[in-house]
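The values are calculated or read from the model by the stated rules, or taken from the named source; none is laboratory data. Since the model is a prediction, treat every value here as computed from it, not as a measurement. Virtual Cβ from ideal backbone geometry, glycine too; neighbours counted across all protein chains shown. Protein only, heavy atoms only, side chains kept; ligands, DNA and RNA dropped before computing areas. Shrake-Rupley method; radii C 1.70, N 1.55, O 1.52, S 1.80 Å.
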Amino acid sequence: MDEFTRRFNVSLEKDREIRQVLSTVYAALEEKGYNPINQIVGYILSEDPTYITNHNSARTLIRKVDRDELLQVLVRTYLSQKPPEETESV
């Protein structure tokens with residue numbers, strides 16, 4: 001039997017869940033011909049669910065995610081990425 005204590009990181013699980021919801025919503029918006037980035041930004045800024053299509057239950061899914069948590073995940077993910085290489089103008 002294993003004598004080590006296993007750690008369960010709720011934050012990582014929550015981040016994965018939010019990422020999955022956002023991916024599903026993005027795909028649904030794209031399938032319906034919308035610009036997913038514009039629609040998701042509109043939803044985040046206004047919290048108006050009509051920015052999100054009902055297609056594939058995307059609107060129901062996005063409303064299950066707390067907007068503050070969604071923003072935290074987006075900012076954390078963005079800041080954890082390597083910065084793009086700056087090109088020098090000659």
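General remarks:
- With a simple spin-label model that places each label point 7 Å from the Cα along the Cα-to-Cβ direction, the separation between Glu69 and Glu85 comes to 3.9 nm.
- Taking every protein chain into account, the accessible area of the chain amounts to 85 square angstrom per residue (probe 1.4 Å).
- Relative packing of peptides 20-30, 60-70 - highest average C-beta neighbours within 10 Å first: 20-30, 60-70
- Those lysines that a straight Cα-Cα span of less than 24 Å connects to Lys32, excepting residues fewer than 8 apart in one chain: Lys64
- Candidate values (1) 12.9; (2) 15.1; (3) 15.5, label of the one derived for Kirkwood radius over Cα pairs in Å: (2)
- Length available on full extension from Leu61 to Ser11: 0.36 nm per residue minus the Cα-Cα distance, which gives 16.1 nm.
- Over the chain, dividing the summed -39,500 (n - 2.57) contributions of all DSSP H runs of at least 4 residues by the number of residues returns a 222 nm mean residue ellipticity of -18500 deg cm²/dmol.
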